[in-house]
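The next block holds one structure in the form of structure tokens; read it before the comments.
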Amino acid sequence: MCLGIPGQITEIIDADNLLAKVDVGGVRREVNIACIVDDEHPAASCVGDWVLVHVGFAMSRLDEEEAARTLALLAELGDMQAELDMMRRMEGQA
Amino acid sequence: MKYIDEFRDPAKAKKLVEEIHKLASGMFPSTPLRERTSPVAERSRSQRSRREHTRSQPLQIMEFCGGHTHTLFKYGIESMLPDTIEMVHGPGCPVCVLPMARVDDCVAIAEQPGVIFTTFGDAMRVPGTRKSLLQAKADGCDVRMVYSPMDALAIARKNPDREVVFFALGFETTMPSTALTLLQAHREGLKNFSLFCNHITTPATMRAILTDPDLRLDGFLAPGHVSMVIGAQPYDFVTRDYHKPLVITGFEPLDILQALWMLVKQIAEGRCEVENQYARIVPQAGNTAGLNAIHEVYETREHSEFRGLGNIGDAGIQIREAYAAYDAEKKFGIPFDAAPFDSAQGAGSLKCAEVLRGVMKPWDCPAFGKECNPQMPLGALMVSPEGSCAAYYAYGKLAKRS
Amino acid sequence: MNLSGTITLAHGSGGRAMHQLVDNLIRQTFTNPLLEEGEDQARIPLAGLVAQGDRLAFTTDSYVVTPLEFPGGNIGTLAINGTVNDLAVGGATPLYLSCGFIIEEGLSLETFARILQAMKLAADEAGVQIVTGDTKVVQRGGADKLFINTAGVGVIPAGFNPSAGRAQPGDVVIVNGWLGDHGAAILNARGDLALDADIETDCAPLNRLVDAMFAACPDIHCLRDATRGGLATVLNEFAERSGVDFMLKEEHLPIRTPVRGMCEILGLDPLYLANEGKLVAVVPLTAAQAVLTAMKRIPAGRDACIIGEVVEGDGHVVLQTAFGGERIVDMLPGEQLPRIC
């Protein structure tokens, strides 16, 4: 029961009822933002935020730094791998 | 599409797969490093293997969530793994654990005059002992598929003279959405809206699996979207009491590979921790607003019967007395002690329970591919596209090629 | 004809109201010499047909869609292009269509007139004539606003013989562009999932495209339009009938971002979404480039591309995922339903 998809909030439709518009690959849908609004993040500040959308609710604010960190880690893994392979090849030649 | 495509990058996948192979070959020195052969070979191997807990047996890793099962099959991930890693498809598919009697209740509610029964598409084809919701619709009931519980609420606003019922099912991922919808109905004073609550909690279900003496598991991929609501802490008992490592995992294919890599690394290094691969979505403490809504509206049921899992005392969820006016069970007088699945008509030969708990492979069920198939599903695991039987049915066809 | 008001049972009663509807609206919109003869049947000279080929192609299809009108078309454009395409993918030059309407009372005359106009435009674009027809009106609840049936005849030139059973290992699979637009456009237009995207139906006639393909390669092995059930269903039919496997490359499948977006949100697979202007061709490898070049010169083939190949096997469609794995693309047991799991 887990189909959730990242989308970007493009506008606030109704700040009182916590309704916003989210864009997923050019598809727009009204979503409830009750789960991502708090004192630190009032409704109006949510425009532009990336969120995880599930059954018409923005369930979590996507942490863009964490996303970048995960991808960087995976890229590094590849580089390390290439380096190790190179070292091994050079050892083989020596 | 941003935050989707980056996590489907084949180059990064290749590296992760290499790392997983390397880790696995270090743990199984006698096993040559090679691609998994075929499900046919896998089948004979799993028939050979009894349940000795030695490292000569493949690692058994359960992806609890049906969404993960779906990703595994959609991207062909199992074919990339070394055959020393075996994925066990868990029961985290809410329509798969739904007893037939609950579907019967849905149909009974939908048959009441004046009712508009709303549901996610997933539940439409699930067989009850009498009929599915899709059949009930064909027979004249007003059954409507919606994308969101808020859409069901909108139908209630538009049809003040009709009773609108929403079939609330799912794990914690979905609970805030139904709870918040109920609270919205309450704020608006809508009298014609109710939930038929069949939510189920993840940690309790996981505990039921862990206490199963037939099951040998080496670790868990835990559902990331559940954790974005409940956080990481509720899984502590898995490592503390049952000594199984666990990684909270996202749903893109790279997420799954990275989580598998993290999990196998834990096992190789002899660690046993709750790790969070899905940090971009899952805050350590979960979602406060969502948890508040859940606690405001829902409470634990004393007794709840799930297909294949039996009675898990603390897994079932019901609506609190304070919101009884929005509880379809109370509104329509549905008793929640109906017959458990196994006594349901026509289910005798099915081994859904064993498959669901991961102690039996789908093809070992006598009904698999015969009287139970995707065209005429008897068990829910064959209905849902992420039910392991439906997935294996398609995958098995691939095996015949080789 | 005055287009205010709605169609009532009187319009189907055989009396004056019906004559007005048929003569002043339908016949006037579709006007052509064969229709103007005003007999109970169209009388088509054989000589003209015989000159164009050696076989008559004859097909029929019924059209039901909710909503009747959607971005890029309406039920009328579907009813013309659908039947034109069923003829075209058999290699036939589509010539004459019949048209039967079943109307639920209460349909607005203005809507009906708009649909007729769209049918006339589509027929002209495809170069076919609507030469005979029928109109029935049923009580409210007896039908869903409007059903249309069209049948069509065309002539197949000698030597053209595509068939679902002729795919051979080594052949390549070509589609003429973006997949799933129609299915996604209808989901979007239906509105019950409250999604909003700029997606238009791909509804278009394919006969000129097929002509160009035939000119480039008279030996096209298989040719079908990928309508209901989408690309996956057509390829499964080819695979089963030919006793071969199809290997598709996921990164070569042309799918627009909003169609993907809709599929991601609803948990749908674009390979099963309906198309109304897409064909799937299986051609010998040696002819593939020539066919592709010919297709790209025709508007309906501008985005044509190769999406996979035929290999030895026993009737499966296999997708090589962009991620590096493989999965079976089976036929669906029923309609694809949106899911949240």
**Message:** For region B:3-23, which positions are under 27 Å from the mean Cα position of the chain (by Cα), facing chain A (nearest Cβ under 7 Å) and open to solvent by 40 Å² or more (accessible area, probe 1.4 Å)?
**Reply:** B:GLU6
**Request:** Quickly run through region B:161-205 and pick out the residues that are among the aliphatic types (A, V, I, L, M) and over 17 Å from B:ASP314 (Cα atoms).
**Result:** B:VAL164, B:VAL165, B:ALA168, B:ALA179, B:LEU180, B:LEU182, B:LEU183, B:ALA185, B:LEU190, B:LEU195
**Request:** Count, please, the residues in region C:261-286 that happen to be farther than 26 Å from C:ARG339 by Cβ and in contact with a Gly (Cβ under 6 Å, 6 or more places away or on another chain).
**Result:** 1
**Asked** Which one is nearest to the other protein chains (Cβ to nearest Cβ), of the residues in region C:283-341 that are assigned to a helix (DSSP H, G or I) and open to solvent by 40 Å² or more (accessible area, probe 1.4 Å)?
**Response** C:LEU285
**Number of positions in region B:70-97 that are farther than 21 Å from B:GLY26 by Cβ and assigned to a loop (DSSP other than H, G, I, E, B)** = 7
**Message:** Among the residues of region B:39-54, are any modelled with pLDDT under 95 and within 14 Å of chain C (Cβ to nearest Cβ)?
**Reply:** yes
**Prompt:** Of B:GLY170, B:GLY224, which residue is open to solvent by less than 10 Å² (accessible area, probe 1.4 Å), in contact (Cβ under 8 Å) with a residue 40 or more places away in the chain, over 15 Å from B:GLY286 (Cβ atoms) and facing chain A (nearest Cβ under 10 Å)?
**Reply:** B:GLY170
**Request:** Identify all residues within region C:196-232 that are open to solvent by 20 Å² or more (accessible area, probe 1.4 Å), under 30 Å from A:HIS54 (Cβ atoms) and over 17 Å from the mean Cα position of the chain (by Cα); write none if there are none.
**Result:** C:ASP196, C:ASP198
**Item:** Yes/no for C:ALA167 being farther than 23 Å from C:GLY100 by Cβ and within 14 Å of chain A (Cβ to nearest Cβ)
**Value:** no
**The lone exception for A:ALA67 - which of (1) more than 12 Å from the chain's Cα centre (by Cα); (2) crowded, with 16+ Cβ neighbours inside 10 Å it fails** = (1)
**Prompt:** Quick check, is B:GLY121 more than 16 Å from B:PHE306 (Cβ to Cβ), modelled with pLDDT under 95 and within 13 Å of chain A (Cβ to nearest Cβ)?
**Reply:** yes
**Asked** How many residues does region B:237-261 contain that are assigned to a helix (DSSP H, G or I), touching a strand residue (DSSP E or B) at 6+ places or on another chain (Cβ under 6 Å) and more than 15 Å from B:MET87 (Cβ to Cβ)?
**Response** 2
**Prompt:** Has region C:34-42 got any residue that is in contact with a Cys (Cβ under 8 Å, 6 or more places away or on another chain), in contact (Cβ under 8 Å) with a residue 60 or more places away in the chain and under 17 Å from C:SER98 (Cβ atoms)?
**Reply:** no
**Message:** Which residue is nearest to C:ARG114 (Cα to Cα), if the candidates are limited to region C:9-51 and must be hydroxyl-bearing (Ser, Thr, Tyr) and loosely packed, with under 15 Cβ neighbours inside 10 Å?
**Reply:** C:THR31
**Prompt:** Hey, among the residues in region B:139-167 that are among the small types (Gly, Ala, Ser), within 12 Å of chain A (Cβ to nearest Cβ) and open to solvent by less than 10 Å² (accessible area, probe 1.4 Å), which one's nearest to the chain's Cα centre (by Cα)?
**Reply:** B:SER148
**Asked** Looking only at residues in region A:17-38 that are away from chain B (no Cβ under 11 Å) and open to solvent by 50 Å² or more (accessible area, probe 1.4 Å), which one is nearest to C:ASP192 (Cα to Cα)?
**Response** A:ARG28
**Message:** Yes or no: region B:24-35 includes at least one residue that is surrounded by fewer than 22 Cβ atoms within 10 Å (Cβ to Cβ), within 14 Å of chain C (Cβ to nearest Cβ) and modelled with pLDDT under 85.
**Reply:** yes
**Fill in**
Residue hits (region C:173-198; in a loop (DSSP other than H, G, I, E, B) and either within 14 Å of chain A (Cβ to nearest Cβ) or on the phi < 0 side of the Ramachandran plot (or both)) are C:ASN176, C:TRP178, C:LEU179, C:GLY180, C:GLY191, C:ASP192, C:LEU193, C:ALA194, C:ASP198
**Fill in**
Residue pairs within 8 Å by beta carbon, gap of at least six or interchain, first lying in region B:270-298 and farther than 20 Å from B:ASP327 by Cα and assigned to a strand (DSSP E or B), second open to solvent by less than 40 Å² (accessible area, probe 1.4 Å) and of a type in the set (Phe, Trp, Tyr), listed first then second, are B:VAL274/B:TYR235
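The values are calculated or read from the model by the stated rules, or taken from the named source; none is laboratory data. Owing to the predicted nature of the structure, the values given are computational and were not obtained by experimental measurement. Ideal geometry is used to build each Cβ from the backbone, glycine not excepted, and the neighbour counts take in all protein chains shown. Accessible surface areas use protein heavy atoms only, side chains included; no ligands, DNA or RNA. Shrake-Rupley method; radii C 1.70, N 1.55, O 1.52, S 1.80 Å.
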